[in-house]
Structure formats: C-alpha cells, structure tokens
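One structure below.
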Amino acid sequence: MPARPSDAAAAPVREASILHVDMDAFFLSVEVRERPGLRGLPAAVASPIGRSVVLSASYEARAYGVRSAMPLAHAKALCPPLAVVAPRQDVYRAVSAEVMALLGSVTPVMEQLSVDEAFLDVAGARRRLGPPERIARLIRRRVADELGLPCTVGGAAVKFVAKMASTAAKPDGLLIVPPERTLAFLHPRPVGHLWGVGPVMAGRLETRGIATIGDLARTDPERLRGWFGAAGAAWSELARGRDPRPVAPRAAARTVGADHTFDVDPTDGEAVALELLRLGHRVAARLRADGVEAAGVTVRLKDPRGLVRARTARLPRPSAAAHDLVAAGRRLADELLAERRHPVRLVGLRAERLTAAGEPVLEQDALFPAEGEEPAASSSAWTEAETAADAVARRFPGAAVRPASLLPAPRPDSRGAPGTPVR
C-alpha cells in the first residue's frame, strides 16, 4: 500500500534528505492572511474584470471544480458564491522572497522552482537540526509562525518522489517517503502522476496496458524506448525510483517580462502606451527584487487574428528603472504601429540581457544621447526613486506609490461642477 499523508513516518527517514516545500494556494493564502474574513470561503485570486483567469483558488473553491488557469467566467459558473480578489503581484513577489529567505536559512542547498515551491537537500543540516522529518516539521512551523502561511512538505531520497509526496500530502500536510518504501509509494499510483507524463502520454500508455507506475516499471525498457524514444527510457528509470538529478540552484532568469490582454482591442497608440507604463513598472519591480538590471527591451504586439510582431532595442545603459524601460518600450510600440496600424489584442514588454545590478559596463556611454534619450546618469536617480517606492509598497500595500496616469479617474464632485474649486 502507498504511504499515507500524515505527520508520522512509519519508518526511519535518515536517507530521505530531499524535501519539496510547496506553499498552499499561495496567492490566496497571502490575501487570507491580510483579510481573515476570506478564511473558509470559496475564493479565488483573479482580475475581477475582462478576459481574466484564476491565478489561485482556495480548497473550498476547488471542491466546486475551480482550478488555476480556468477562465474566471467559467469559475463563477461552477461556483456562484466565489469571492474574487484582485491580484497584487508585487506583494506576492515580496512574500515569496521572505519564504525563500526562510528556506535558505535552513540549508543553502536549495533549488527554487517558482514563487511558491522549492527543493531542499537537508543532508548537510542533519547534525545541526536533526533528521529530515524533524527539519520538515521545523519548516512548516516556522512558515506558519513567522509568515502566517500554510505549506506542505514532502520528503524522499530523490527529487521527483519528494514532489509527488508533497502533492499527496496537500493541503497543509507532511509526508516523508523512506527509501525502502519508495516503490510501495510509487507503483500503485496512476501513470499520469509520473513526472513528465502528461494526459496525452498517459492515454497512449494506457492503450498499451500501462495504467499504473508499477505497470510501467514492469515493462521492458527497450520496448518503452521503441515506443516513446528517450522519454520512454527516462520514464522507466523514474518508475523504478531512480532519479540522479541533484538539488541545484536554477540558472538566473535571462529575461523578465509581463503582458496584458485588452478587454476591448484599442486602435490608438495612447491606450497601448498607458498599458506599457503599467507593464514597465511591474517588470522593473521584479528586476529590482532580483537585484538585476536590463540592457535591452522587447515589445510584442498581437493583433485580433493572433499575429504577433516584436521589436527589440538596447538601452543606453543597464537599468532597473521603469522610466527607462517604458521610454524604450513606447518608442518600439510606436515604430511597430507606424509600420502597420491594427487593433491590439495583447501588448507585452520584456527586459533582456540581464546583468547583476551595479555590474561594471564595458561599453563607453555616448557623449551625446540620441534624440529622445536622457543622459545615462539619470537612470540611477530613477532607480533610487522607484526603489523607495518599493519600500512603501512593501510596508503599506494599499498605499503603493504609482504614476498619476495609472490612478483611477476621479469621480465628479457632487458639491460642484467639474473644474470648480470646492471650498
């Protein structure tokens, strides 16, 4: 029988030194922490207007069939009492940084997979903190006590089994799979649960009589290779509990980007420019949070038929200031629309050629900037100003500093006509 999700391990866990930590419904849990009235309700994080999708759903909402990446309209049809919370990506990134800093204090051997999950190899922390199960309990307790958030931890001797264990233990649970119980845990599970086997491949395997991971392990590896190539051979190894991949830090991101799909496709450049301002501030905040600067910017425009056009430009000097990203992005968008005017379904902005903030630049700055460009020295002043705004946003999320053009339009004052001073 497979191991059951519980806080008690039935066998020694000395060698199950790889932990997978996964925050539960991360975006929504952050919102619930600040708005306790949402606790226990079917709720989701999604933009409340337009062609939006669910970014995170509570387990109460999941009971109705609501899932991440589902169109919000579909989610509301499945779950009429769904409470919808507008996303705050800057807040989630800041909290993610706190989570990863906490995990990094447990062991430096950490591989971050996304904003809300990471692998840890705690073999080197055993002398200081105890066996893996004790370390897993410590992590769950610290995340709850220090950050006010729930998380699930799975542990095993290899990475993919640790991840499967955390999935089995959700929500807010702990499951350690001792090495000697690895195959007993794996083999009864559907073959679609195996890392790398998606729904389509699971269907193809099932047509060949392979319904469980155990069935896969009992199939001749050469036959699997003949059917599915190198992927079949890799699945065979995983089905036998073999995964040689170590826990290792992921390579730094080479680009940081964001995009927006319009509710109504604009035909004028002003609406595109305004959205680029919003995207530029999102991207720049991520650059500053990651301690990097961009030396290039790419803008993408998609028309209603789905045709995407893009254009890239180099910045005069690497920058993490929205001011610089937006200025370059608007020039690129203007050039694209001047070439071919069309309604814009989607606009995207991507920061490229990333380098560590403050890293020396080998190219000499231009003595006379091109028309429309500002002197390179101005970038640092903008970055400092926007970094100060980051600090305000972290401390007072509801009072975040933003450009005036992104503020909601003021309502006409009932005490006087528009434009009439109110005394």
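The values are calculated or read from the model by the stated rules, or taken from the named source; none is laboratory data. No experiment lies behind these values; they were computed from the predicted model shown. So basically every Cβ, Gly included, is an ideal-geometry build from the backbone, and we count neighbours across all protein chains shown.
Summary of computed values
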read-out: Breaking point among (1) in a loop (DSSP other than H, G, I, E, B); (2) within 17 Å of E15 (Cα to Cα), for A125; value: (1)
read-out: Filtered residues of segment 259-306 (kept if under 16 Å from A351 (Cα atoms) and β-branched (V, I, T)); value: V283, V292, V297, T298, V299
read-out: L186 vs. criteria touching a strand residue (DSSP E or B) at 6+ places or on another chain (Cβ under 6 Å) and buried (at least 22 other Cβ atoms within 10 Å of the Cβ); value: no
read-out: Helices (runs of 4 or more DSSP H) fully within segment 176-277 counting 2 or more residues that are closer than 30 Å to P343 by Cα and over 22 Å from the mean Cα position of the chain (by Cα); value: none
read-out: Positions within segment 35-51 being more than 15 Å from the chain's Cα centre (by Cα), in contact (Cβ under 8 Å) with a residue 24 or more places away in the chain and not in a loop (DSSP other than H, G, I, E, B), in sequence order; value: L38, A43, A44
read-out: Residue satisfying condition, being touching a Lys or Arg at 6+ places or on another chain (Cβ under 6 Å) and under 30 Å from A285 (Cα atoms), within set T152, T107; value: T152
read-out: Among (1) modelled with pLDDT of 95 or more; (2) part of a helix (DSSP H, G or I); (3) of a type in the set (D, E, K, R), the one test that D90 misses; value: (1)
read-out: Scope segment 216-236; condition loosely packed, with under 14 Cβ neighbours inside 10 Å and hydrophobic (A, V, I, L, M, F, W, C); matching residues; value: A230
read-out: Residue that is farthest from the chain's Cα centre (by Cα) [pool: residues in segment 132-162 that are aliphatic (A, V, I, L, M) and farther than 30 Å from P36 by Cβ]; value: A157
read-out: Pair list, Cβ under 7 Å, 6 or more apart: segment 343-355 residue in the same structural domain as R286 (by TED's automatic domain parsing) and within 14 Å of L307 (Cβ to Cβ), other residue part of a strand (DSSP E or B) and of a type in the set (S, T, N, Q); value: R345/T261; L346/T261
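This table checks each residue for (1) out of contact with any Leu (no Cβ under 6 Å at 6 or more places or on another chain); (2) touching a residue at least 24 places away in the same chain (Cβ under 8 Å); (3) buried (at least 17 other Cβ atoms within 10 Å of the Cβ).
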residue: G291; (1), (2), (3): yes, yes, no
residue: V297; (1), (2), (3): no, yes, yes
residue: R300; (1), (2), (3): yes, yes, yes
residue: L332; (1), (2), (3): yes, yes, yes
